[in-house]
Amino acid sequence: MRRSLRSRPSGGRCSTDRSHKCALLLAASHQGNEVVACACEYAQSAGVRTGMTVTHARSLLIGRTLFIERYQPEEDAKALKSLARWAVRFTPVVAVDEPDGLLMDISGCAHLYGGEAMLADRVAGSLEGLGFKARIAVAPTFVSAQVVSRSAEQQITIVEAGGIHDALASLPIAALRMDTSMGEALREIGIERIGQLFDLPRAELAARFSGNIGRCLDRATGDALDAIEPVQPLEPIEVERVFDGPVTSLEAILISVRELLRLLLRRLEKESSGACELSLTAERIHADPVMLALRLSHPSRDEAHLWSLLQPRLERLSLGYGVEEIRLRAVHTQRTGNGQMEFWPDPSSSIRPEQSVSWGQMLDQLTERIGREGVTVAAPSESYVPERAFVFQPWDEDRASRNSRSTEKASVYAAARPSRLFAPPDPVRVVTLTPDGPLLRLEWGGRAGAVRSCLGPERLVLPWWADSRRRENESAAMPGGSATRDYYTVQDEHGRWLWVFRDGASGRWFVHGEWT
Amino acid sequence: MHPLLERIRSIERRHAQCRGDAAPAKPIGVLETGWASVDAAIGGGLTRGGLHEWLGNESAATTSEVRQHARNPWRPPLCVLVHLAWSALDADRAGLWNVWIGRRCFPHPAVLLRGSVGDRTLLERSLFVSPLTPTDRLWAMDLALRSPAVGVVIGDGSEFDMAATRRVQLVAKNHETLALLARPPWEHGELSAAQTRWLVRQESVIHRDRSDSSNPQWRVELLRCKGMRWEQAQGVWNLEWNRAACTLRVSASVADSAGDASVASEPTQRRAMLDRQIA
C-alpha cells in the first residue's frame with residue numbers, strides 16, 4: 001500500500017493531505033470477484049476491510065475521491081528487497097521477511113547509535129521519512145522478534161535477554177505463522193496462547209503434531225540455531241579523482257571528468273550495464289560541494305552522448321576557490337545487451353552513423369535543453385470535463401505509469417471536440433433567440449457576424465461527487481467554471497467553427513475552442 | 001478496412017491507366033494524403049524526405065500592431081496536420097513516432113483519437129515538445145528529424161527564415177523523414193526551401209446554401225510544388241472535417257463548383273489579397 005502511495009505523482013499525499021483527502025484501494029481477483037487486497041488508513045476509517053468486494057468498498061466510500069489500483073505482490077517483493085538494501089546503512093546483515101517485514105542483525109551495531117532503543121527509534125524515524133509506518137521489536141532471536149513485532153500494539157518493543165518466555169507467553173499461536181491445519185488442531189485441544197505450548201512436554205508435542213512446532217519454539221527461545229539469508233548490498237559504481245590542490249581551471253576539470261566518464265563506462269561495460277542516472281560531485285575548498293544529477297531516458301554507456309549532456313552543465317559549474325575532488329557515480333544502472341559494432345559501415349546508406357540519434361538520445365537532449373516539463377506526452381484521464389479530459393505529463397512519468405498499469409487504460413468520453421481548446425475560455429458577446437437558446441449573432445476576436453449554423457446544446461455538468469471545496473476553487477480560478485455548461489457548435493458568417501458555451505450560473509457566454 | 005481501401009485504389013489506378021491520364025505506378029518515397037485529387041496534382045503525394053509548409057488562417061487581428069498583442073494572431077491548420085499524421089502512421093507499419101514541436105501547433109488530444117472506437121495509436125505515438133524560442137524550435141526539429149524512430153515531425157515554423165527552412169529540408173531529405181511546418185499566412189512572402197507550400201483558409205459563408213454541411217470546412221490551396229511548373233502546381237480543394245471520425249476528406253461540394261468562375265480565379269485573387277496585406 002505504501003509503495004503504491006509513494007509511486008503516485010502526488011507523492012503519497014492521498015491519506016495525509018487534509019485539504020483534499022482521497023482513498024486508495026488495491027484490488028485483486030478472487031474466485032471471479034474483485035476484492036480489496038489492501039486499503040489505506042483513510043479507507044479503513046470509512047469501514048473498508050481487506051477481503052470485502054470492491055463494489056462494497058465503493059458504496060462505503062461514496063462521495064469521496066477513490067483510486068483503485070491492481071494489487072501486485074511481485075512488485076511489493078521487489079520494493080521490500082530494495083528497502084532491505086536501504087536498511088544496510090544501520091547494520092550489514094539485513095534479510096527480507098516476506099511478505100512485509102525486515103530482519104536486521106544488530107549485534108555489535110547498537111552501541112554506535114547509543115543503545116538498542118535509540119537504534120530502534122532511528123530506524124522508525126527513517127522509515128517514516130520514506131512514508132512507511134513500522135512496528136519494531138528488538139529481541140535476542142529472530143523468531144521472537146518476528147512474533148512480537150507482528151503482535152505488539154506499541155510501535156517499539158524491546159525484549160530483554162531473559163524475558164523471551166514472558167514476552168511470548170501471552171501471544172496467540174497464530175503469531176508463530178504455522179500451517180492453518182496445525183493451528184486448528186491446536187485450538188481443538190484448547191491451546192490458544194504460546195505460553196500453553198511451553199508448558200506441554202516437548203516429546204508429546206512432537207509425537208502428536210510434528211517436529212516443526214518444537215523446532216520453531218526452540219528457535220524462538222534460542223535453544224536452536226537460527227540463521228537468516230541477508231541481502232547482498234549493491235556496490236556503487238563510482239570513480240573519483242583527488243587533485244593535489246584546489247583546481248580553478250575549467251579546462252582541467254573538463255579533462256578530468258571526461259577521463260572519469262571513460263573509466264566509469266569501462267566498468268559498466270564489464271557488468272553489461274548502462275547508466276540510467278549519473279551524479280557528479282565536486283568537492284570545493286571553503287565551500288559546499290556541488291552536485292550535478294543527470295537522468296537518462298534509457299540505459300546508456302555511449303560516451304559521446306553522455307559527454308554532450310555533461311559538458312554544458314560543467315561549463316556552468318561554479319568552481320568557487322577551487323575544486324579538490326571530483327566523484328562520478330552511476331546512481332541507477334540497468335542491464336543492457338552487448339551489441340556488435342560495425343567495422344565497415346554499409347556503403348549504400350547515405351546516413352552516417354554519427355549523424356543519426358537514437359530515440360533515447362533525442363529524449364535526453366530535448367530534456368536537457370528544454371526542460372523536463374517541455375517534453376511531454378498526452379494521456380487521457382478519467383474525466384468528461386473538456387479541460388481535464390487529457391493531461392500533458394513528462395514522458396518519464398508517463399512511462400512509469402504505463403509500466404505500473406500496463407493493462408488498464410483510462411476511458412475517453414467519446415464526443416466531438418475542437419482541434420484547439422482555449423485555456424481559460426474566452427468571453428464572447430452573443431445575440432440569442434432566448435436567454436439560453438440558439439445563437440443568432442456573435443462577436444469574438446474583433447469580428448462580428450451572423451451565425452450560420454448552430455448545433456447543440458450539449459450540457460456538461462461538473463462532477464457533483466467531487467469535493468465541493470475543490471469545485472469552488474476551480475470555479476473561482478476559471479471563468480465559466482460553474483457547475484453547468486451548455487455547449488453549442490457554431491459557424492459564423494466568416495467561416496469560423498467555434499465551440500461556445502453558456503455558463504449556467506452567470507449566464508455569460510464563452511468560446512472554449514475552435515476547429516482550425 | 002485498409003485492404004478494401006487499397007483494393008479500391010488499385011482499381012481506380014487501373015481504370016485511370018486505361019484512360020491514359022494517370023501515373024503508371026505509385027511513386028516510391030511518397031506519402032499519399034488520402035485525397036486522390038490532391039495526390040494526383042502533386043505527383044502522387046507528399047515527398048517523404050522533404051519539408052512541406054502549411055500557411056494557416058489569420059485571426060481577426062490583421063494589422064501588424066494588433067498582431068503583436070493579439071492572443072491568437074494566427075491559427076495553424078491543426079485538422080490538416082492531424083489528418084496527415086494519421087496518413088503517415090497508417091503507411092508506416094513500424095509504428096514510428098510523431099513529434100509535435102511548438103505549443104501553438106499542439107492539437108487538443110481528443111482529435112488525435114480516430115473513429116467511434118477511439119483508436120489511440122496516434123495519441124500514444126505522439127511526443128509534444130514545447131521550446132520557447134524559434135532557435136530552440138529549429139534545433140528540436142533538426143534533432144527529431146535525425147532520429148530513425150521518428151516518422152513525422154510537425155512544427156511551428158513561424159519566424160523561420162530561408163536558412164532555417166533549408167536546414168530542415170536538408171535534414172529531412174538526408175534522413176527520409178517527413179517534416180510539416182505550420183506557418184502564419186503573412187509569411188507567404190518569405191523565401192522558403194520547402195518542397196510544397198499550401199494555404200489553408202476558412203471560407204466566408206455569405207450565402208446560406210453554401211453552409212449546408214454540419215462539419216467544419218476549409219479551402220486548401222496549393223501555392224508551390226518543387227519540380228512542377230507554376231501553372232501546373234496550383235489547385236484549390238475544399239476539405240471537410242468529420243467531427244466524429246476526426247478525418248478530413250475532399251468535400252463533394254467542390255465538384256459542383258468546379259466550373260465556377262470565382263473558384264477558377266481564386267489563386268489570382270488570393271495572391272492579390274496577400275500582396276495587399278504584406279504591403
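We did not get these values from a lab; they are worked out from the coordinates using the rules stated. Every value quoted in this text rests on a predicted model; they were computed, and no experiment measured them. Note that each Cβ is placed from the backbone with ideal geometry, even for glycine, and that neighbours are counted across all protein chains shown.
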So for R0 = 45 Å, FRET eff. of A:T55-A:V242 from the Cβ-Cβ r, to 0.05, ends up at 0.10
Could you list A:I285, A:I213 in order of exposure, starting from the residue whose Cβ has the fewest other Cβ atoms within 10 Å? A:I285, A:I213
Ranked from highest to lowest mean number of other Cβ atoms within 10 Å per residue, what is the order of the peptides B:44-51, B:156-163, A:248-255? B:44-51, B:156-163, A:248-255
Segment A:D199-A:E303, extension gain: residue separation times 0.36 nm, minus the distance between their alpha carbons: 30.6 nm
How much length would be gained if the chain were fully extended between A:R85 and A:A207, taking 0.36 nm per residue of separation minus their Cα-Cα distance, in nm to one decimal? 39.8 nm
Inter-chain Cβ neighbour average for residues A:489-495, partner chain, 10 Å: 6
Quantify how strongly other chains surround peptide A:357-370 by giving the mean number of their Cβ atoms within 10 Å of each of its Cβ atoms. 5
Label-point separation (nm) for A:H30 and A:L440, each offset 7 Å from Cα along Cα-to-Cβ? 6.5 nm
For segment B:120-164, size of Cβ-based charge dipole, Lys and Arg +1, Asp and Glu -1, in debye: 280 debye
With r defined as the distance between the Cβ atoms of A:S170 and A:L130 and R0 fixed at 35 Å, what FRET efficiency is calculated, to the nearest 0.05? 0.65
Grab the Cα-Cα distance for A:A448 and A:D396, subtract it from 0.36 nm times how many residues apart they are, and report the gain in nm with one decimal. 14.2 nm
Taking Rh as the Kirkwood radius, which is the inverse of the mean 1/r over Cα pairs, what is the Rg/Rh value for segment B:107-191? 1.01
Once both label points are put 7 Å beyond Cα along the C-beta direction, the A:E259-A:R429 separation in nm becomes 7.4 nm
As I understand it, the dipole of segment A:67-199 uses +1 on the Cβ of Lys and Arg and -1 on the Cβ of Asp and Glu, about the Cα centre. Which of A:W86, A:I194, A:M178 lies farthest toward its positive end? A:W86
Enter the Cα centre distance for the pair segment A:193-256 and segment A:269-338, rounded to the nearest angstrom. 32 Å
B:E159 to A:R369: FRET efficiency via 1/(1 + (r/R0)^6), r the Cβ-Cβ distance, R0 22 Å, to the nearest 0.05? 0.75
Dividing the alpha-carbon radius of gyration of segment A:156-248 by 2.2 N^0.38 Å, where N counts its residues, gives 1.89
Counting each pair of different Cα atoms once, what's the Kirkwood radius of segment A:36-112 in Å, rounded to one decimal? 15.1 Å
